[in-house]
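The values are calculated or read from the model by the stated rules, or taken from the named source; none is laboratory data. Quick caveat: nothing in here was measured; it's all calculated off a predicted structure. Positions of Cβ are backbone-derived with ideal geometry, glycine not excepted, and every protein chain shown enters the neighbour counts. Areas reflect the complete protein model, heavy atoms only, side chains present, ligands, DNA and RNA absent. Shrake-Rupley method; radii C 1.70, N 1.55, O 1.52, S 1.80 Å.
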Amino acid sequence: MANLLFLSYSGVLCFLQEVLANHIAGVPIPSSKNAPAHERALAAAKVNARALNMAAYGFFISAPMNHVLIGGLHKMFAGRTSGRDKLLQLLVSNLFIAPAQASVYLASMAVIGGARSVDAIKATVLKGFLPMLKILWVSSPTATLFAQNFLPAELWVPFFNVVSLAIGTFFSVKVKKMQLAVARKRKPENRDD
């Protein structure tokens, strides 16, 4: 039952990440005036297919992966509270867990974004890997130090999911604003010349 709760929690957070990013970036969700009421309501709430795909990613991919990786990290260092052990835990997290999370996230976002070939997915992962890893190398130690000092082990996975929500929303907003700016530049201007 607890595992289903964590899966659902991660799915909801990933869904919220996309919806929040749509709102903050001002992404228009198209809907015609003749569309059914539920479609207009979803468009007004900035819920699109990508948000539903993000929920599926959170439920089926992110939550199980984070449960295994972060849970394994905690088990590996259970009862080890010395400064040396905490530093070693940070190193293991940054050298093994962060790269795995970044790779899986980028590959999943490529598929959700429409990439269908292995080459397209690989290109997305390679392009975003180092920038994402740099952010993880800053945020992960900060979050890990907080968790080590203030949270019981059973709250680590949900805590790291919330941290991922904040970071993911930030980057989604950045990407969406860039995409909107490019789309505006491509639109021919209507001038009365």
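General observations
- By the Stokes-Einstein formula, at 1.002 mPa s and 20 °C, the chain with its Kirkwood radius over alpha-carbon pairs has D equal to 116 µm²/s.
- What the chain shows is 62 Å² of accessible area per residue, with the surface traced by a 1.4 Å probe over protein heavy atoms.
- Of the solvent-accessible surface of the chain, computed with a 1.4 Å probe over protein heavy atoms with every protein chain present, carbon and sulfur atoms account for 68 percent.
- Flagged links, alpha-carbon separation over 19 Å, of K33/K176; K33/K185; K46/K176; K127/K174; K127/K176; K122/K185: K33/K176; K33/K185; K122/K185
- Space enclosed by the convex hull of the alpha-carbon atoms of the range 119-187, per residue, Å³: 107 Å³
- Per-residue 3J(HN,Hα) values for the range 44-55, derived from phi via the Karplus relation 6.51 cos²θ - 1.76 cosθ + 1.60 with θ = phi - 60°, read 5, 7, 6, 9, 10, 4, 4, 5, 5, 5, 5, 4 Hz in sequence order (x marks Gly and Pro).
- Cβ-Cβ FRET estimate between H74 and L126, R0 fixed at 22 Å, reported to 0.05: 0.10
- Mean sequence separation of contacting Cα pairs (under 8 Å, at least six apart), scaled by the length of the chain, corresponds to a relative contact order of 30 percent.
- Here the simple spin-label model places points 7 Å from the Cα toward Cβ, and for K177 and A100 these points are separated by 3.4 nm.
- Whole-Hz couplings from phi, Karplus 6.51/-1.76/1.60, listed for the range 105-113; x for Gly and Pro: 4, 5, 5, 5, 5, 5, 5, 4, x
- Taking 7 Å steps out from each Cα toward its Cβ at R184 and I135 produces label points 2.1 nm apart.
- Euclidean distance of C-alpha centroids, the range 120-163 and the range 10-47, integer Å: 26 Å
- Counted by Cβ distance under 15 Å from M76, the other residues give a net charge of +3, where Lys and Arg count +1 and Asp and Glu count -1.
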